[in-house]
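The values are calculated or read from the model by the stated rules, or taken from the named source; none is laboratory data. Predicted model, so just to flag it, every value in this text is computed and none were measured. A quick note on method: Cβ atoms are made from the backbone with ideal geometry, for glycine too, and the neighbour counts reach across all protein chains shown.
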Amino acid sequence: MTAPAYRRILLKLSGEALMGDDAFGINRDVVSRIVQEVAEVVSLGVEVGVVIGGGNIFRGMAGAASGMDRATADYMGMLATVMNAMALADAMKHVGVVARVQSALNMEAVVEPYIRGKAIRYLEDGKVVIFAAGTGNPFFTTDTAAALRGAEIGAEIVLKATKVDGIYTADPKKDPSATRYGKISFDEAIARNLQVLDATAFALCRDQKLPIKVFSIFATGALKRVVMGEDEGTLVHI
Ligand code: UDP
C-alpha cells in the first residue's frame with residue numbers, strides 16, 4: 001500500500017460544513033459522516049489538527065451589521081466555535097477517535113486552554129486536536145486560525161474543506177465552461193484574484209511556505225484521497 005502524502009495535516013472545517021442542508025446549527029448526521037472521514041485518515045497514521053469555524057451559529061460580521069459592537073460580536077463568534085468543537089470531539093468519540101479540544105480563549109471548566117507543546121504531544125500520540133475559539137482575537141477569522149495553528153504545529157499542509165471540490169477558473173454555477181485548477185501557485189492565485197482563504201490567512205501561509213488544498217468535504221472519501229496525494233481538489237503551492 002502506498003503511504004500517505006502527509007504526516008501531519010491541519011484541517012479547516014467551516015461551521016457551515018457541520019450544518020449540512022439545515023439553516024442553522026449542527027446536523028448530527030453530517031457531523032458523524034465528517035468524523036468518519038477523519039477517522040479513516042487517522043487510521044492511516046496521519047496526525048490531524050482541526051480548526052473549526054462558527055458560521056453555522058454566529059458570525060461577528062453579522063452581529064456588527066445588526067448594530068452590535070464588532071469586537072463583542074466576534075467574541076460571540078469565537079464562543080460559537082467552541083460549541084462546534086465540543087460537538088465534533090463528542091462525535092469523534094463515537095467512532096473511536098480520541099480527540100482533545102484546545103481553546104484560544106480560556107474556559108477551563110469546559111475545554112483545555114491552547115498550549116502548543118501539549119497539542120503537539122497529543123498529535124504525536126495519535127489524538128486529534130480540535131483548535132477552538134479561532135485565534136482568540138476579534139477581527140480575525142478561523143481561516144487565519146487555521147494558517148496560524150497549521151504553522152505552529154508544523155503541519156505540512158492546510159486542508160480547507162468547503163462545499164465546492166476545488167478552485168475554479170470562474171463560478172461553475174454561473175459559467176458551465178469553468179474548469180477546476182489541479183494546482184495553482186500563490187502568486188497566480190493572487191494575480192487571478194482567487195479567494196482561497198481570507199487575505200490574512202493567505203499571506204500567512206505564503207510567508208510560511210505552507211501549501212493549501214481546497215476540496216469538498218461532502219464528496220465521500222475526498223479527505224482520504226487528498227491525504228494520499230491523489231488528484232482531488234486544488235493545491236495552492238509556493
Ligand atoms: N472569530 C474571531 N476571531 C478569530 C476567529 C473567529 O473573532 O480568530 C469570530 C468571528 O466573528 C467569526 C466567527 O468567530 O465570524 C466564526 O468564525 P468564522 O466566520 O471564521 O467561521 P466559518 O466561516 O469558518 O464557519
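Answer with yes or no whether R116 is crowded, with 22+ Cβ neighbours inside 10 Å and more than 10 Å from the ligand (Cβ to nearest atom). In short, no.
Going residue by residue through segment 141-149, is there one that turns out to be outside any strand (DSSP E or B) and on the phi > 0 side of the Ramachandran plot? Lay out the reasoning, then the answer.
Here is the first cut: in segment 141-149, the residues outside any strand (DSSP E or B) are 141-149.
The next check asks that each one be on the phi > 0 side of the Ramachandran plot; those that pass are none.
No: segment 141-149 contains no residue that is outside any strand (DSSP E or B) and on the phi > 0 side of the Ramachandran plot.
Within segment 218-235, being free of Cβ contacts under 8 Å to residues at least 12 places away in the same chain and not in a loop (DSSP other than H, G, I, E, B) holds for one residue alone: R225.
Only one residue in K160, K173 is touching a Lys or Arg at 6+ places or on another chain (Cβ under 8 Å), of a type in the set (K, R) and either modelled with pLDDT under 95 or crowded, with 21+ Cβ neighbours inside 10 Å (or both), so which one is that?
Numbers: K173 fails: touching a Lys or Arg at 6+ places or on another chain (Cβ under 8 Å).
From the options K160, K173, the qualifying one is K160.
Helices (runs of 4 or more DSSP H) fully within segment 9-79 that include at least 2 residues being within 16 Å of the ligand (Cβ to nearest atom) and within 18 Å of K93 (Cα to Cα): 28-43.
Note on segment 114-129: residues that are closer than 23 Å to A73 by Cβ and either hydrophobic (A, V, I, L, M, F, W, C) or assigned to a strand (DSSP E or B) (or both) total 0.
Condition (residue is within 11 Å of the ligand (Cβ to nearest atom), closer than 26 Å to R59 by Cα and among the acidic types (D, E)) applied to segment 142-160: is it met by at least one residue? There is at least one residue in segment 142-160 that is within 11 Å of the ligand (Cβ to nearest atom), closer than 26 Å to R59 by Cα and among the acidic types (D, E).
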